[in-house]
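Right, one structure below, let's go through it.
The values are calculated or read from the model by the stated rules, or taken from the named source; none is laboratory data. No experiment lies behind these values; they were computed from the predicted model shown. Using ideal geometry, Cβ is built from the backbone for each residue, glycine included, and neighbour counts are taken over all protein chains shown.
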């Protein structure tokens, strides 16, 4: 492949939009970035091409309205499959942004935001770092908006399980029948950290994250106890 093996590779991005002009525009933005931090590796008009998850896709840039329908349920399914999802939409209302974040989106961009915001957001999300766009700025940042899967992973993790044990437990309770890996669990927990940091409430340690979750009523203190394996029973 050539190049310095220590140099980080470009972020692999899948652009899902039902308008070719938008896909071409994002591709042009990536090509115009002086440091070539982003590479478009997959495009499509529906998210179906992303399940099962392609290996080269680090971030999904997803139009929230496909075929005239809001696809919040696809945000959730992609997030549950371990994708980092950045919503890229013409809709910028607080209720829609909040719903997308609750469904598991890592970030939200409106289509009138500048090229540098798009590229910077994609790179930040790929490395699990917070990046505040205009769509996310303001009072709604006070609430981290954790998804149900993120809350479930945190609760099990706080009970003393390691990430492999959390993955096994979540796989048992998941109705889809798909196996959840420890890497996916780590993404859920990392996304929760990022969302708190994006809200201006950093969580440097596991205990700080637990304190924030209890403070916000996401987890009750009585729900956090010592984990006892049932393997011996």
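Tally up the residues in region 125-142 that are modelled with pLDDT under 90 and either farther than 21 Å from residue 80 by Cα or part of a helix (DSSP H, G or I) (or both), please.
Taking region 125-142 first, the residues modelled with pLDDT under 90 are 127-142.
Next, only the ones that are either farther than 21 Å from residue 80 by Cα or part of a helix (DSSP H, G or I) (or both) stay: 131-142.
Within region 125-142, residues that are modelled with pLDDT under 90 and either farther than 21 Å from residue 80 by Cα or part of a helix (DSSP H, G or I) (or both) number 12.
Please list, ordered by residue number, the helices (runs of 4 or more DSSP H) wholly in region 14-117 having 3 or more residues that are loosely packed, with under 15 Cβ neighbours inside 10 Å and either touching a strand residue (DSSP E or B) at 6+ places or on another chain (Cβ under 7 Å) or touching a residue at least 40 places away in the same chain (Cβ under 8 Å) (or both).
Numbers: elements: 20-32, 72-80, 94-102.
In region 14-117, there are no helices (runs of 4 or more DSSP H) which contain 3 or more residues that are loosely packed, with under 15 Cβ neighbours inside 10 Å and either touching a strand residue (DSSP E or B) at 6+ places or on another chain (Cβ under 7 Å) or touching a residue at least 40 places away in the same chain (Cβ under 8 Å) (or both).
Just need a number here: residues in region 169-223 that are assigned to a helix (DSSP H, G or I) and either modelled with pLDDT of 80 or more or over 17 Å from residue 77 (Cα atoms) (or both). Give the steps one after another, and end with the answer.
Step one: of region 169-223, the residues assigned to a helix (DSSP H, G or I) are 169-173, 182-198, 206-215, 221-223.
Imposing the further condition that a residue be either modelled with pLDDT of 80 or more or over 17 Å from residue 77 (Cα atoms) (or both) reduces the set to 169-172, 182-198, 206-215, 221-223.
Residues that pass the stated criteria total 34.
Please go through region 51-87 and give me each residue that is closer than 22 Å to residue 114 by Cβ and under 13 Å from the mean Cα position of the chain (by Cα), ordered by number. Full working, then the answer.
Narrowing region 51-87 to residues closer than 22 Å to residue 114 by Cβ: 58-65, 84-87.
Answer for region 51-87, where residues must be closer than 22 Å to residue 114 by Cβ and under 13 Å from the mean Cα position of the chain (by Cα): 58, 59, 60, 61, 62, 84, 85, 86, 87.
Answer yes or no as to whether residue 27 is closer than 19 Å to residue 123 by Cβ and at pLDDT 95 or above. First the steps, then the outcome.
On the way: closer than 19 Å to residue 123 by Cβ: yes; at pLDDT 95 or above: yes.
When the stated conditions are applied, residue 27 passes them.
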